[in-house]
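Heads up: the structure comes next, in structure tokens.
The values are calculated or read from the model by the stated rules, or taken from the named source; none is laboratory data. Small disclaimer: the values here were computed from a predicted structure and weren't measured. Positions of Cβ are backbone-derived with ideal geometry, glycine not excepted, and every protein chain shown enters the neighbour counts. Accessible surface is based on the protein model in full, side chains and every heavy atom, while ligands, DNA and RNA are left aside. Shrake-Rupley method; radii C 1.70, N 1.55, O 1.52, S 1.80 Å.
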Amino acid sequence: MSSEKTLISALVKAQSEMSHAAFDQTNPHFESKFASLKSVIDAVKFPLNKNGIALVQEAVQLDGMTYIETVLYGYGETL
């Protein structure tokens, strides 16, 4: 196996450095706590960036609906 740095190897390293997202919001209907998108991004952005991975999100339209697409870029690869 090559020792060349790849997006997958960088993701493995970044993932080992991530902690859980904080449950910072409450669902009033079920009275349960959940992690907001902001909390999730806060938990993963620094470890990803530290390991050479960019996280990019954009709104996309599909079948009349709007979705958020998340793309990871690094080392000439895209996931």
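For region 12-79, GluC sites (Glu not before Pro) meeting the loop criterion (DSSP other than H, G, I, E, B) and having at most 11 other Cβ atoms within 10 Å: E31. The relative contact order of region 1-49 comes to 37 percent, based on Cα pairs under 8 Å that sit 6 or more residues apart.
Between L37 and S19, the modelled labels are 2.4 nm apart [label points 7 Å from Cα along Cα→Cβ]. Shape verdict for the chain, please, from the Cα gyration tensor: rounded (a/c under 1.5), prolate (a/b greater than b/c) or oblate. Oblate shape, in that a/c is at least 1.5 and b/c is the bigger or equal ratio. Over the chain, with every protein chain in place, what whole percent of the accessible area is carbon and sulfur at 1.4 Å, could you tell me? The C+S portion of the solvent-accessible surface of the chain is 59 percent. Amide H contacts under 5 Å for Q25: F34, S36, restricted to partners 5 or more places along the chain or on a different chain, H placed in the peptide plane at 1.01 Å from N.
Karplus-derived 3J(HN,Hα) values for region 35-52, using 6.51 cos²θ - 1.76 cosθ + 1.60 with θ = phi - 60°, are 8, 6, 4, 4, 5, 5, 4, 4, 6, 10, 4, 4, x, 5, 4, 4, 9, x Hz; glycine and proline are entered as x.
Between the Cα long axis of helix 7-17 and the first principal axis of the chain there is an angle of about 60°, rounded to the nearest 10. For the chain, the solvent-accessible area works out to 77 Å² per residue, with a probe of 1.4 Å and every protein chain left in place.
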